[in-house]
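Student: Have a look at this one.
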Amino acid sequence: MVGQAALLGPGDIRALAARLGVVPSKRLGQNFVVDGGTVSRIAAAARLTPDDVVLEVGPGFGSLTLPLLGAAGHVVAVEIDAALAAELPATVATRLPELAGRLTVVSADAARVRDLPGEPPTALVANLPYNVAVPVVLHLLATFGSLRRGLVMVQAEVADRMAAPPGSRTYGIPSAKLAWYADVRRAGSVPRSAFWPVPRVDSGLVAFTVREAGPARDGTSRAAVFAVIDAAFSQRRKTLRAALAGWAGSAAEAERMLRSAGIDPGRRGESLGIAEFTAIAAARA
């Protein structure tokens with residue numbers, strides 16, 4: 001556990017930003033966590049062990065990196081901002097010199113990263129930019145099969161969509177695709193006052209646990225299942241028979257596949273769980 005004295009406070013972060021000439025970028029979605037209590041709570045909620053290799057996306061100035069280093073065996077921090085990536089090892093060496101060897105920094109875009117140095121990551125813990133949160137999480141889950149669980153901080157509305165169950169108002173493509181990989185749940189809220197600059201929206205925590213087995217691991221390809229999900233939600237108000245017509249080749253063929261999968265063609269996409277989307281994809285194979 002890392003003591004509060006070692007954590008970065010609002011003054012520390014503003015001083016670092018001034019020295020580096022860093023102005024928070026709206027394009028990169030840079031809202032830095034400046035509240036020590038918040039980062040300590042996130043690190044604790046991630047339930048890390050000394051055996052974990054944490055993949056942290058967008059560490060920024062290192063607010064969350066510091067408590068993660070105290071909880072995990074190693075942290076691989078992927079930072080798109082070259083200036084911040086270069087400074088992070090120095091910050092850790094100053095604040096937690098005894099743990100500096102546990103940090104690896106990669107200067108890269110997390111949405112495109114394919115390889116990481118060292119041991120494969122087992123946990124994803126990150127404060128994600130609001131505009132790319134879901135694509136980044138899906139990319140990392142697809143790329144790093146070693147990930148077993150994660151805890152990410154995103155815009156509250158995005159958090160609701162990521163964790164929504166079938167049939168709910170916020171259930172959609174992000175919910176269904178994330179469910180292909182893992183069991184997902186809301187894990188708390190974070191007020192906008194915890195950030196600098198202060199965003200116009202609140203944030204939420206989303207936790208996930210990757211499944212070892214289940215309907216999404218029956219041999220049907222991810223691409224095939226995701227194609228069904230995309231088609232089903234492309235016209236939300238239409239029945240599956242109509243919404244899947246283009247995907248299947250015709251409405252009649254869509255109905256045949258749906259009935260083969262044991263699904264009423266009159267249902268709508270937002271009522272289906274991941275096992276049912278998988279069954280539809282398998283019916284076409």
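Student: Looking only at residues in segment 264-285 that are in a loop (DSSP other than H, G, I, E, B) and touching a helix residue (DSSP H, G or I) at 6+ places or on another chain (Cβ under 6 Å), which one is surrounded by the fewest Cβ atoms within 10 Å (Cβ to Cβ)?
Tutor: Among those that are in a loop (DSSP other than H, G, I, E, B) and touching a helix residue (DSSP H, G or I) at 6+ places or on another chain (Cβ under 6 Å), it is ARG267.
Student: Taking the condition loosely packed, with under 13 Cβ neighbours inside 10 Å and either assigned by TED's automatic domain parsing to the domain that holds LEU141 or under 20 Å from the mean Cα position of the chain (by Cα) (or both), does VAL198 pass?
Tutor: yes
Student: From the residues in segment 1-16 that are at pLDDT 90 or above and among the hydrophobic types (A, V, I, L, M, F, W, C), which one is farthest from the chain's Cα centre (by Cα)?
Tutor: Applying the filter and picking the extreme gives ALA15.
Student: Going residue by residue through segment 245-258, is there one that turns out to be touching a Lys or Arg at 6+ places or on another chain (Cβ under 8 Å) and assigned to a loop (DSSP other than H, G, I, E, B)?
Tutor: no
Student: So which residues in segment 242-267 are among the basic types (Lys, Arg) and over 32 Å from the mean Cα position of the chain (by Cα), if there are any at all?
Tutor: ARG256, ARG259
Student: Out of segment 8-43, which residues are hydrophobic (A, V, I, L, M, F, W, C), loosely packed, with under 13 Cβ neighbours inside 10 Å and not in a loop (DSSP other than H, G, I, E, B)?
Tutor: ALA18, the sole residue that qualifies.
Student: Anything in segment 106-135 that is within 23 Å of ARG41 (Cα to Cα) and not polar (S, T, N, Q)? List them, or say none.
Tutor: PRO121, ALA123, LEU124, VAL125, ALA126, LEU128, PRO129, TYR130, ALA133, VAL134
Student: Collect the residues in segment 76-94 that are within 16 Å of VAL113 (Cα to Cα) and of a type in the set (Val, Ile, Thr), keeping them in residue-number order.
Tutor: Selection gives VAL76, VAL78, ILE80.
Student: For VAL198, all conditions in the list (1) assigned to a loop (DSSP other than H, G, I, E, B); (2) under 20 Å from LEU272 (Cα atoms) hold save one; what is the number of the exception?
Tutor: Here VAL198 meets the rest and fails (2).
Student: Just one of ALA179, ALA227 is among the small types (Gly, Ala, Ser) and not assigned by TED's automatic domain parsing to the domain that holds PRO121; which is it?
Tutor: Only one candidate qualifies: ALA227.
Student: Restricted to segment 125-183, and to residues that are out of contact with any Ser or Thr (no Cβ under 6 Å at 6 or more places or on another chain) and basic (Lys, Arg), which residue is nearest to GLU79 (Cα to Cα)?
Tutor: For segment 125-183, the residue satisfying everything is LYS177.
The values are calculated or read from the model by the stated rules, or taken from the named source; none is laboratory data. As the structure is a prediction and not an experimental result, all values here were calculated from the model. We place every Cβ from the backbone using ideal geometry, glycine too, and count neighbours over all the protein chains shown.
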